[in-house]
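FYI, it's all coordinate maths here, none of it is from the lab. The model shown is predicted, which means the values in this text are computed figures rather than measured ones. Positions of Cβ are generated from backbone atoms using ideal geometry, with glycine treated the same way; all protein chains shown enter the neighbour counts.
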């Protein structure tokens with residue numbers, strides 16, 4: 001059964017800048033702590049990554065997974081779904097960017113299902129790390145760009 005989590009964070013940057021940072025997938029290894037390598041396999045007509053393989057740190061080891069990106073609601077939302085994973089059978093999610101005063105409220109949603117059963121407390125710790133790191137690193141990156 002898939003685990004779902006949603007987190008929110010506010011950043012002092014416009015939604016367009018937030019979207020631009022998350023859509024620039026090739027640069028994830030520069031700012032997303034657990035992402036070690038990115039390989040773009042397919043792009044859309046606007047040259048945005050559609051099919052991307054990641055190598056990331058997870059559970060004290062390296063994991064690989066391929067995501068298909070959906071830009072249908074861009075620049076308000078960037079969504080993805082897992083097409084292939086070595087330890088995951090589901091890794092679907094989205095970033096949603098809502099203008100809030102002079103900044104942006106970001107909602108990060110993730111659904112994860114692993115191939116092997118893992119004790120609940122380890123799942124919760126891993127989920128918390130993924131969510132916190134994703135938003136913390138994104139906030140730092142977005143707010144560092146002027």
Item to check | Among residues of segment 31-47, those that are surrounded by fewer than 16 Cβ atoms within 10 Å (Cβ to Cβ) and over 18 Å from residue 131 (Cα atoms), counted | outcome: 10
Item to check | Counted residues, segment 8-33 - those being closer than 15 Å to residue 96 by Cβ and under 12 Å from the mean Cα position of the chain (by Cα) | outcome: 4
Checklist entry - If you take the residues of segment 16-54 that are in contact with a helix residue (DSSP H, G or I) (Cβ under 9 Å, 6 or more places away or on another chain) and part of a strand (DSSP E or B), which of them is nearest to residue 139 (Cα to Cα)? => result 35
Checklist entry - Does segment 57-69 include one or more residues that are touching a residue at least 40 places away in the same chain (Cβ under 8 Å) and surrounded by 17 or more Cβ atoms within 10 Å (Cβ to Cβ)? => result yes
Checklist outcome for this item: Within segment 93-105, of all residues that are without any contact (Cβ under 8 Å) to a residue 24 or more places away in the chain and over 17 Å from residue 28 (Cα atoms), the one surrounded by the fewest Cβ atoms within 10 Å (Cβ to Cβ) is 101
